[in-house]
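Visitor: Below you'll find the structure I mean.
The values are calculated or read from the model by the stated rules, or taken from the named source; none is laboratory data. Worth saying up front: this structure is predicted, and the values here are computed from it rather than measured. Cβ coordinates were reconstructed from backbone atoms using ideal geometry, including for glycine residues, and neighbour counts include every protein chain displayed.
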Amino acid sequence: LKEREDRWFFGGMVVLAANAGGAWSPIGDVTTIMLWIGGQITALNIVSVVVLPSLFCLLVPLLVLTFKMGGSVNRPEEPISLNEQHIEVNTLEQRVVFWLGVSGLLFVPIFKGFTHLPPFMGMLFSLGVLWVVTELMHKDKEQHKKRALSVSGVIRKIDSPSILFFLGILLAVASLQTAGILTDLAHVLDNTFHNIYLVNIFIGLLSSIVDNVPLVAGAMGMYPMSTYPPDATFWELLAYCAGTGGSVLIIGSAAGVAIMGLLKIEFMWYVKNISWLALLGYFAGVGVLYLIG
């Protein structure tokens with residue numbers, strides 16, 4: 001896209017789409033993974049209940065923006081050059097790795113359903129299969145190409161600080177839960193809002209400022225399973241609100257931060273042009289969830 005404004009609008013919609021797309025899947029977002037592993041939600045239920053609200057969360061802003069934007073799209077005169085060494089991979093190899101990766105992700109909920117083992121074991125099994133296949137596929141290539149295309153080469157690029165961040169958050173939340181602070185906070189929220197919809201809407205909007213991982217971890221500690229059993233409306237709301245609320249501000253989600261870095265979107269531009277669309281979609285999804293519930 002040639003025009004900066006067009007790129008920013010498309011980038012903003014990508015943020016909304018990425019967050020809405022992850023909210024309804026047990027493996028689509030860190031928060032839903034946490035709820036799934038914790039036993040608060042089950043795979044089939046979260047997909048069947050939250051997929052429609054997530055769809056509305058994206059379609060409502062898209063519908064509004066469709067009437068607002070018009071005209072033809074101008075491409076830049078010269079494609080942007082990537083100053084990186086390109087390694088040729090044939091179409092068959094691309095398709096094998098792609099479909100094997102997608103199948104491995106879809107296999108994880110099935111694995112948990114049949115074996116009742118933690119999801120990470122299913123993910124490690126899928127990774128092992130992908131690792132073996134790629135090693136056999138590239139065994140005759142030059143060493144530098146094998147290193148770049150193998151799973152071991154990809155693992156070297158893992159963002160270790162993020163993993164340590166999540167570990168630190170979970171340890172901090174566990175200490176607050178043990179001290180009884182989260183239970184007191186749950187009572188304050190209940191006494192203030194008197195409604196699970198308002199509580200979760202507040203948590204979702206707060207996730208646009210504070211990272212949604214500690215918020216969801218805190219909610220899991222505040223509200224025990226004895227209060228809200230698995231697949232209760234509270235957990236479905238939490239999965240949706242925490243997953244999509246981060247779209248309200250560009251700094252509220254990993255997708256937003258990534259787009260901000262790639263397209264150099266300005267914070268105040270996002271607030272003026274995208275935040276109100278994100279709020280429209282957010283509350284539209286909550287409304288659909290309310291009707292379903």
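Visitor: For the condition within 22 Å of Phe283 (Cα to Cα) and at pLDDT below 85, what is the one hit in Asp184, Asp190, Asp231?
Guide: Matching residue, one of Asp184, Asp190, Asp231: Asp190.
Visitor: Among the numbered conditions (1) without any contact (Cβ under 8 Å) to a residue 40 or more places away in the chain; (2) assigned to a helix (DSSP H, G or I); (3) aliphatic (A, V, I, L, M), tell me where Val173 comes up short.
Guide: Among (1) without any contact (Cβ under 8 Å) to a residue 40 or more places away in the chain; (2) assigned to a helix (DSSP H, G or I); (3) aliphatic (A, V, I, L, M), the lone unmet condition for Val173 is (1).
Visitor: Another one. Just to check your reading of the model, which residue among Gly261, Gly281, Gly246 is small (Gly, Ala, Ser), out of contact with any Pro (no Cβ under 6 Å at 6 or more places or on another chain), part of a helix (DSSP H, G or I) and in contact (Cβ under 8 Å) with a residue 40 or more places away in the chain?
Guide: Answer to the selection: Gly246.
Visitor: Between a first residue in segment 14-39 that is more than 17 Å from Gly113 (Cβ to Cβ) and a second residue that is surrounded by 24 or more Cβ atoms within 10 Å (Cβ to Cβ) and acidic (Asp, Glu), which pairs have beta carbons less than 8 Å apart while being 6 or more apart in sequence or on different chains?
Guide: Partner pairs satisfying both residue conditions: Asn19/Asp29; Gly22/Asp29; Ala23/Asp29.
Visitor: Kindly establish whether Leu167 is outside any loop (DSSP other than H, G, I, E, B), of a type in the set (A, V, I, L, M) and in contact (Cβ under 8 Å) with a residue 12 or more places away in the chain.
Guide: When the stated conditions are applied, Leu167 does not pass them.
Residue by residue, here is whether (1) farther than 17 Å from Val50 by Cβ; (2) touching a helix residue (DSSP H, G or I) at 6+ places or on another chain (Cβ under 6 Å); (3) part of a helix (DSSP H, G or I) holds:
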site: Thr178; (1), (2), (3): yes, no, yes
site: Tyr197; (1), (2), (3): no, no, yes
site: Phe202; (1), (2), (3): yes, no, yes
site: Ser226; (1), (2), (3): yes, no, no
site: Leu238; (1), (2), (3): no, yes, yes
